[in-house]
Amino acid sequence: MEVVYKKLGIKIVAEEATADVMIIQKICSILENLPDEIRSKIAKAIIKPDFYFAADLYKEGKITLGKFSEILGLSLHDSAKLLDAVGIKVDLGPSTKEELEKEIRIAKEI
């Protein structure tokens, strides 16, 4: 199997589509379709060793999306897309009115 991402200058060659290869393809596909400016920022962030450290901290719930964004120098939106692309669920806050009310009650107790 061989896949080429011209805008990224990447060619992926693999004997089979393993889980790792599929993740790499998903990331490349997302990056390939982003505007040049955003793609450049994200590519630089991925190269940083801080990316892996910050991604692990976020995944473990030890830092917020805001702190992750700050570490990598990306916007919240770009950070959320990047985490999603590498298979890390992004928590963007309460999804129901009940969850929001619960968070407000907890915040008032603090």
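Being touching a Lys or Arg at 6+ places or on another chain (Cβ under 7 Å) and outside any helix (DSSP H, G or I) is the requirement here; does I63 meet it? No; evaluated as a whole, the condition is false for this residue. Within the range 61-94, track down each residue that is at pLDDT 85 or above and of a type in the set (D, E, K, R). Correct list: K62, K67, E70, D78, K81, D84, K89.
Can you name the residue in the range 3-60 that is more than 14 Å from the chain's Cα centre (by Cα), of a type in the set (A, V, I, L, M) and in a helix (DSSP H, G or I) and, of all such residues, is modelled with the lowest pLDDT? Per the stated criteria, the residue is V21. When the test is whether a residue is closer than 25 Å to I10 by Cβ and of a type in the set (A, V, I, L, M, F, W, C), L83 passes it.
The values are calculated or read from the model by the stated rules, or taken from the named source; none is laboratory data. Because the structure is a prediction, the values reported are computed rather than measured. Don't worry about glycine lacking a Cβ; one is built from the backbone with ideal geometry, like all the others, and counts go over all protein chains shown.
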